[in-house]
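Single-structure report; data block below.
None of the figures in this text is laboratory data; all of them are computed from the coordinates on show. Bear in mind the structure is a predicted one, so any value in this text is a computation, not a measurement. FYI the Cβ positions are ideal-geometry reconstructions off the backbone, even for glycines, and counts take in every protein chain you see.
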Amino acid sequence: MFTRVFVLVVLALGMVTCTSSNREPGYAYFRLESNPTTLDPALIVDVDGGAIAAKLFNGLVRLGDEMEVVSDIALSWVVSENGLRYLFSLRDNVRFSSGRRVRASDFKYSFERVLDPATRSPNTWIFDKVLGAREFMDGEADDVEGFRVVDDNTFEIRLSKPFSPFLGLLTMPSAYVVPLEEVLHQGQDFSSHPVGTGPFTLVEWLPNRHLRLDRSLDYYAEVAKVPGIVYRVIPEELTAVAEFEIGNLDVLTIPSSAYSRYLRSEKWSKLISSIKGTNTYYIGLNCQRAPFDDPELRRAVNYAVDRSRILKTLNEGKGRLSSGPVPDILRDWPEPDGYPYDPERAREVISLKGLEGLKVRYFISGEPQISVDIAEVVQSYLADVGIEVEIQQLEWSAFKEAINRGEPDMFWLSWWADYPDPENFLFPLFHSKNFGSAGNRARYSNLEVDKLIELGQHASSLEQRNQWYSQAEEIIVRDAPWVFFWHRTDFVVRQPWVEHYRIFPVYSMEKGLNILLNRQV
């Protein structure tokens with residue numbers, strides 16, 4: 001038995017090792033756990049797609065090193081005192097990778113494209129506060145009144161009412177500029193052959209294998225230090241670790257299965273970086289149909305699961321326990337009272353309702369492996385209080401489609417900040433207008449929560465905003481549309497030849513400009 005296992009390992013390493021000669025000299029190599037769904041900014045909803053798009057495209061503004069809004073294609077901007085008018089002055093030296101110069105009319109087209117029903121963008125909520133957006137989406141107007149081209153270098157946006165996080169929304173991938181002629185020429189193929197203004201261009205995408213980005217020497221700002229970036233699609237954690245350790249990957253987000261070993265390793269421990277993530281991991285409960293249309297049962301499920309133990313064991317403490325949806329590093333108010341582990345209380349509720357033997361379907365994606373492990377532990381916890389859980393594991397794209405349609409009773413998912421504002425963890429995820437792909441996959445609806453979120457969005461002061469958001473979060477936690485797990489802390493290990501690599505709290509902040517490899521591969 002030992003001989004057979006040894007031979008298999010040697011063969012596996014041999015097959016992995018032979019790929020090292022296929023590296024592009026000087027290119028930085030990263031891992032993706034799954035194939036991106038799309039690289040069309042109007043359609044992106046996933047972190048991997050957004051992180052790659054950030055290197056291919058630009059917007060009016062972006063997030064700076066401290067998560068503040070800073071200049072991008074817009075050299076400067078002015079906001080009116082009433083918060084309704086935003087006037088952007090554009091740089092005159094920004095070009096698409098096709099060679100054409102970017103003009104204000106390109107932003108009008110790009111933003112209206114997101115709102116156009118024909119695009120079927122799940123991100124219309126980014127621009128629906130703009131004056132005339134609703135009329136345009138309903139087919140009552142040919143364009144959006146609030147998007148105005150003053151001249152080639154000046155673009156104006158007017159809102160229907162003040163919206164405090166609006167500049168933050170403009171840092172998102174869906175607010176990146178795209179060229180009309182390329183979108184029309186390529187049609188649906190624009191998703192896989194994007195043309196943008198970023199520091200890199202996509203030159204090859206072999207689905208489920210890799211994406212290759214080449215440095216753009218015509219980028220308007222600082223040119224990237226590496227000639228290109230290759231993203232390799234490697235679903236299996238063991239394979240990813242092996243590829244990293246033989247030098248075929250330059251940077252690796254440490255999988256749970258390898259975390260302790262890297263932390264104790266004399267070779268690797270000094271090459272580990274970490275950052276508190278702006279994210280929330282959760283089990284969503286389908287609030288629109290039985291059995292989880294009952295908030296008492298949803299609360300019982302929260303009591304039934306020992307989240308703290310799962311965090312300490314399966315996730316090896318790599319995170320901060322969450323008491324609500326808003327990440328701790330974005331919350332400017334006291335955290336809400338969460339749910340302690342109390343299986344007796346859960347059993348009491350289930351018994352009083354006569355729900356012993358209740359059967360529910362729990363959907364997961366098998367990537368990464370930890371989601372499978374967590375599902376099995378949750379299955380055991382719920383069996384202990386009288387709920388039978390059937391786990392269904394789906395490929396990532398099928399999984400997303402299923403939860404967007406509301407098929408499962410329960411599902412494991414996470415939400416990562418698109419922009420660093422608590423609103424990003426309240427409006428998309430819990431406002432009743434955002435069922436499905438827009439973010440509210442638990443299909444939670446509470447009119448009071450809707451009202452409080454909207455009041456916070458239009459608040460005239462930070463203090464007032466925090467008051468409304470705090471009340472909204474308290475009600476959400478009480479209604480328990482999720483089992484709130486944790487806010488993940490990311491640990492990344494890099495090769496010794498990698499210089500100037502930095503982890504960012506929001507995926508769109510990383511443009512790939514500073515990373516440098518100090519040896520020839």
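Listing for the model above:
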{"read-out": "Helix runs (DSSP H) in the chain reaching 18 Å along axis by Cα, Kyte-Doolittle at least 1.0", "value": "2-17"}
{"read-out": "Quotient of Cα Rg and 2.2 N^0.38 Å for the range 465-521, N being how many residues it contains", "value": "1.91"}
{"read-out": "Percentage relative contact order, the chain, counting C-alpha pairs under 8 Å, at least six apart", "value": "20 percent"}
{"read-out": "Long-range HN-HN contacts of SER216 with modeled amide H, under 5 Å", "value": "PHE200, THR201, ALA224"}
{"read-out": "Entry for Cα Rg over 2.2 N^0.38 Å (calculated from the structure that is shown) out of [x] 0.96; [y] 1.00; [z] 1.26", "value": "[y]"}
{"read-out": "For the range 58-187, fraction of C-alpha pairs farther apart than 17 Å, in %", "value": "57 percent"}
{"read-out": "Footprinting exposure proxy for VAL70, VAL78, VAL102 (fewest neighbouring C-beta atoms within 10 Å first)", "value": "VAL78, VAL70, VAL102"}
{"read-out": "Unit Cα scatterers, Debye sum, the range 279-489: log10 I(q)/I(0) for q = 0.12 Å⁻¹", "value": "-0.58"}
{"read-out": "Pairs beyond 25 Å (Cα-Cα), from LYS108/LYS276; LYS276/LYS511; LYS276/LYS433; LYS129/LYS433; LYS312/LYS451", "value": "LYS108/LYS276; LYS276/LYS433; LYS312/LYS451"}
{"read-out": "Mean Cβ count within 10 Å, highest first, over the residues of peptides 170-180, 441-451", "value": "170-180, 441-451"}
{"read-out": "Amide H contacts under 5 Å for HIS210, placed H, 5+ residues apart", "value": "VAL233"}
{"read-out": "From phi via Karplus (6.51, -1.76, 1.60), per-residue ³J(HN,Hα) for the range 226-234 in Hz, x at Gly/Pro", "value": "9, x, x, 10, 10, 9, 9, 7, 10"}
{"read-out": "In Hz, Karplus ³J(HN,Hα) per residue of the range 130-147 (6.51, -1.76, 1.60; θ = phi - 60°; x = Gly, Pro)", "value": "6, 4, x, 5, 5, 4, 5, 5, 8, x, 8, 8, 7, 8, 9, 4, x, 9"}
{"read-out": "Where Rh is the Kirkwood radius over Cα pairs, Rg/Rh for the range 107-175", "value": "0.93"}
